[in-house]
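Report on the following structure.
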Amino acid sequence: MFKQLSPAQLDPILSLSIAYREDSRTDKMDLGIGVYRNSQGETPIMQAVQTAQTALLAEQKTKAYVGLAGDEVFNQSMMDLLLSGTSAHGRAAAVQTPGASGALRMLADLMAIAQPETTVWLTDPSYVNHKPVMEAAGLKVRFYPYFDRQTKQVNSDAMLAEIAKAGPKDVVLLHGCCHNPTGADIRFEDWQAVTELANKNGFLPFVDIAYQGFGDGLAQDAAGLQHLADNVEEMIIATSCSKNFGLYRERTGAAIIVSDSLQEAQKAKGRILNLARATYTMPPDHGAAVVAKILQDEKLTQVWQQELNSMHQRLLNLRQGLVKAVNAQGSDAFDFIAKHKGMFSVTGLSPEQIARMREDFAIYAVADGRINIAGLQEQKLDYLANALVTVSQS
Ligand code: PMP
């Protein structure tokens, strides 16, 4: 049966990691895959996570199934984290999913059964998996203008002019904060404008928030999403604990549905549970149990917030440090990096220049020009700055 299959296409980011591993040069740098690394180049388990894990190990008495929706304490904690203080808090329902990836797929499947002719509008460019996931669920995809390749910022006018054309059969997907891959975020005024357009023209807003806490702080990063949630009848959210709890491999996320009533939100949740039953059935427990433990404990929550905050501060310092190092080489071509938010920046380097970074400097980045700022070490900023300036002038 399978011999007739053509070989799989290699995932560009994952295959980059393999090439990096096989590179024997000692000054090599991996700025490809989106993981946070500390100044020693490690991705440590966060302290609050360690404590929660130890407690869970001591307390846990069974490995019996939890249920289709996963851990309901976790689900409530995710809604609290994102929607507390908004009118949407009491008219939302959440399902624990295997990462935000699982949430994206479950929400896409839900849209496909509710309204098969849905078109999902994505930022140009967007997270590399948005299009494949939406299409795999049978939905149509189109892109709206977002990143201005000249200024390296969002072109809000072009974005809003295009979104103004979206109607009731459309879903507009927005990145909650720390846009992947560009690092360029929309302003609060843009969130307000999108909210007005959603109410006027009837499209469904869909927010994917995978980096809460890495942009301007936990509360600030949810401000746009909360404005939407407060002012629209219906919206959907995919959220992730991969980055802000450092739980990458534990596959921890949630799908949230906001509706005009709790009853409606719960009805949609019920349909997601049917869909989950027919795919993975139940999400893995460990990561969600850890998050629930942290967020239900004031002290642990504080420890987590402090650590997240120091990761966020370090990211800001790395961005500024890199720009300073580039400036010291006599170039201001990368000043925009200090204005970007979160883990990534799109550098504007061409695929050929990115290949030169790899060949001449052993610096691995994705061909679209994205670099993972969170993968940098302070002592390597000068080396990277020299590489950026050299290849950009070639
Ligand atoms: N959405 C965005 C915007 C992402 O960048 C990512 C990848 N980190 C995901 C979703 C998927 O995250 P997860 O690891 O939680 O599945």
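Values in this text are rule-based calculations from the coordinates and carry no lab data. Fair warning: this is a prediction, and the values are worked out from it, not measured in the lab. In this analysis, Cβ positions are derived from the backbone assuming ideal geometry, glycine residues included, and neighbour counts consider all displayed protein chains.
The helix-only estimate of mean residue ellipticity at 222 nm for the chain, built from DSSP H runs of length n ≥ 4 each weighted as -39500 (n - 2.57), is -14000 deg cm²/dmol after division by the residue total. Exposure proxy ranking for THR54, THR252, based on other Cβ atoms within 10 angstrom of each Cβ and starting from the fewest, stands as THR54, THR252.
Evaluating 6.51 cos²θ - 1.76 cosθ + 1.60 at θ = phi - 60° for every residue in region 48-56, the Karplus couplings come out as 5, 5, 4, 4, 5, 5, 4, 5, 4 Hz, glycine and proline recorded as x.
Take the Cα of GLU135, step 7 Å toward its Cβ, do the same at ALA164, and the gap between the two points is 3.0 nm. With θ taken as phi - 60° and the Karplus curve 6.51 cos²θ - 1.76 cosθ + 1.60 applied, the whole-hertz 3J(HN,Hα) list for region 20-31 is 4, 4, 7, 7, 8, 5, 6, 8, 5, 9, 9, 10 Hz, x standing for glycine and proline. State the extension gain, in nm to one decimal, for the chain segment bounded by ASP382 and SER310, taking 0.36 nm per residue of separation less the distance between their alpha-carbons. Additional length available on full extension: 23.7 nm. Put +1 on the Cβ of each Lys and Arg and -1 on the Cβ of each Asp and Glu in the chain; which of MET311, THR118, PRO283 then has its Cα farthest toward the positive end of the dipole? The listed residue farthest towards the positive side: PRO283. Compute the orientation-averaged projected area for region 132-180 from the convex hull of its Cα atoms and round it to one decimal in nm². Taking the Cα atoms of region 132-180, their convex hull projects to 4.3 nm² on average. The local environment of GLN263, defined by Cβ-Cβ distances under 12 Å, has a net charge of +1 under the rule Lys, Arg +1 and Asp, Glu -1. Taking amide H positions as modeled 1.01 Å from N, with prolines and chain starts lacking one, the residues under 5 Å from SER345 and 5 or more places away or on another chain are ILE371, ILE373. Between LEU174 and PHE206, VAL207, ASP208, the built amide H atoms are under 5 Å apart, and every one of these is 5 or more places off in sequence or on another chain. Projecting label points 7 angstrom from Cα along Cα→Cβ for SER87 and GLN192 puts them 1.7 nm apart. Were the residues from VAL128 through SER394 laid out at 0.36 nm apart, the gain over their Cα-Cα distance would be 93.0 nm.
Counting neighbouring beta carbons within 10 Å and listing from fewest to most, the residues PHE2, PHE214 come out as PHE2, PHE214. Angle check, please: helix 188-201 long axis (alpha carbons) against the longest principal axis of the chain (alpha carbons), in degrees 0 to 90, nearest 10. Compared with the principal axis, the helix lies near 40 degrees. Exposure proxy shown here: for LEU315, LEU10, LEU107, the number of other Cβ atoms within 10 Å sets the order, fewest to most, as LEU10, LEU315, LEU107. Distance between the 7 Å Cα→Cβ label points at GLN320 and ALA114: 4.3 nm.
In this Cβ point-charge picture (+1 for Lys and Arg, -1 for Asp and Glu), region 39-138 has a dipole of about 160 debye about its Cα centre. Check cross-link reach from LYS324 to the lysines: straight Cα distance under 26 Å, and skip same-chain residues fewer than eight apart. The qualifying lysines are LYS28, LYS152, LYS339, LYS341, LYS380.
The gain in end-to-end length when the ASN199 to ASP297 segment is fully stretched comes to 31.5 nm, 0.36 nm per residue minus the alpha carbon separation. Basic side chains Lys and Arg get +1 at the Cβ, acidic Asp and Glu get -1 at the Cβ, and with that the dipole of region 65-296 about its Cα centre reaches some 600 debye.
When the alpha-carbon atoms of the chain are used, the pair Rg, Dmax equals 21.0, 62 angstrom. With a cut-off of 14 Å between beta carbons, the residues surrounding ALA289 carry a summed charge of -2, where Lys and Arg count +1 and Asp and Glu -1.
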